[in-house]
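Have a look at the structure below before the remarks.
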Amino acid sequence: MSDPVETIKSAVISGRHAEIKSLVQAAVDAGLDPNRIINDAMIPAMDVVGKDFGSGKIFVPEMLVSAVTMKAGVDLLKPLLGAGESRSRGTVIMATVKGDLHDIGKNLVTMMLEGAGFKVIDLGVDLSVEKLIEQVRAIQPDVVGLSALLTTTMPEIQKVIAELKAQGLRAKVKVMVGGAPVDRAFAEKVGADGYGANAAEAVTVARTLTGS
Ligand code: B1M
């Protein structure tokens, strides 16, 4: 029998979106931990896809089909991951910054935070500084979570933090940042309150920031 982790990883890499739900369901039925399916199969698959794209082996359409395949698998797992705590640990708004359409990582962080008991308001992708500020005013979250996947969009994080300061909102909200090109040094440099290297770490950081 083939290893379900390897089978799912290979399905995401080759973008076999019609098959993914039945493969993931079979793995769940066989008792595989949903976190393992995401962490050991799907995320490493996207790393392979990224490397293949970077080396010119595949192009944007293939990368997109892999992303769609991963999303279909994650959607199936979502209810299983969200069965966590019932009391709210605080409110988080999540968004990818302006110019950035990569939302798989943000969606995973959102799911994990929800599973850990946070109320999460997902504002989607490509959020302008102005829109974010407007939402911070309206929602008054405990934490603003910003995700950036492109080196060209990372500076948007700094712009959001600067505007929060300029609008007198910085002391009222914690800022957590993440995304593949973002690291702790960058987070510190731009004055974020926390940095999560992955979705699980994001939960720990959010709990620390909210004291929950
Ligand atoms: Co794009 N892309 N892409 N892409 N893409 C990358 C990021 C790239 C590294 C690929 C490469 O060249 N090797 C490269 C960026 C290079 C750079 O900036 N230096 C790249 C490029 C160049 C582009 C385009 C410019 C390509 C083009 O059009 N020529 C274009 C830009 C579009 C735009 O945003 N304006 C583009 C487009 C796309 C698709 C639309 C086709 C698709 C995205 C679909 C979607 O998201 N709905 C796509 C994909 C799939 C990727 C790769 C292959 C995979 C990203 C991903 O989903 N990873 C990516 C290569 C790679 O990263 N290996 C690549 C899996 C995901 C679970 O990980 O998002 O890192 P990640 O999230 C992690 C952590 O980072 C962390 O937790 C998550 C879970 O563990 N995290 C946080 C994320 N956000 C967080 C927030 C937090 C805390 C933790 O707190 C708030």
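Values in this text are rule-based calculations from the coordinates and carry no lab data. Note that this is a predicted model, so its numbers are computed, not measured. Cβ coordinates were reconstructed from backbone atoms using ideal geometry, including for glycine residues, and neighbour counts include every protein chain displayed.
Odds and ends about this structure:
- At R0 = 35 Å, FRET efficiency that the Cβ-Cβ distance of ARG137 and ASP183 yields, to 0.05: 0.75
- Sorting 133-140, 196-203 by their mean Cβ neighbour count within 10 Å, with the most densely packed peptide first, gives 196-203, 133-140.
- Contour minus Cα-Cα distance for ALA171 and ASP29 (0.36 nm per residue): 46.4 nm
- Local electrostatic count, LEU169, Cβ distance below 10 Å [Lys/Arg +1, Asp/Glu -1]: +3
- Over 26 Å (Cα to Cα) - which of LYS131/LYS174; LYS71/LYS172; LYS106/LYS165; LYS9/LYS119 fall in this group: LYS71/LYS172; LYS9/LYS119
- Take every Cα pair under 8 Å whose residues are at least 6 apart in sequence, average their separation, divide by the length of region 10-68, and the relative contact order is 52 percent.
- Taking the chain and dividing mean pair separation by its residue count, relative contact order in percent (alpha carbons under 8 Å, at least six apart): 17 percent
- Counting beta carbons within 10 Å around each of ASP75, ASP3, ASP193, ASP100 and listing the fewest first gives the order ASP3, ASP75, ASP193, ASP100.
- Straight-distance candidates among the aspartates and glutamates for linking to LYS51, with alpha-carbon spacing under 14 Å and chain neighbours fewer than 8 residues away dropped: GLU62.
- With Rh defined as the Kirkwood radius, the inverse of the mean 1/r over Cα pairs, the Rg/Rh of the chain is 0.99.
- Taking 0.36 nm per residue of sequence separation and removing the Cα-Cα distance, the ASP75/SER22 pair yields an extension gain of 17.8 nm.
- The calculated 222 nm mean residue ellipticity attributable to helices in the chain amounts to -16500 deg cm²/dmol, summing -39500 (n - 2.57) over DSSP H runs of n ≥ 4 and dividing by all residues.
- Global geometry of region 98-212, whether rounded, prolate or oblate, following the gyration tensor of its Cα atoms and the 1.5 cut on a/c: rounded
- Build a GNM of the chain with springs between Cα atoms under 10 Å apart, and of GLY99, GLY90, GLY31 the one that fluctuates most is GLY31.
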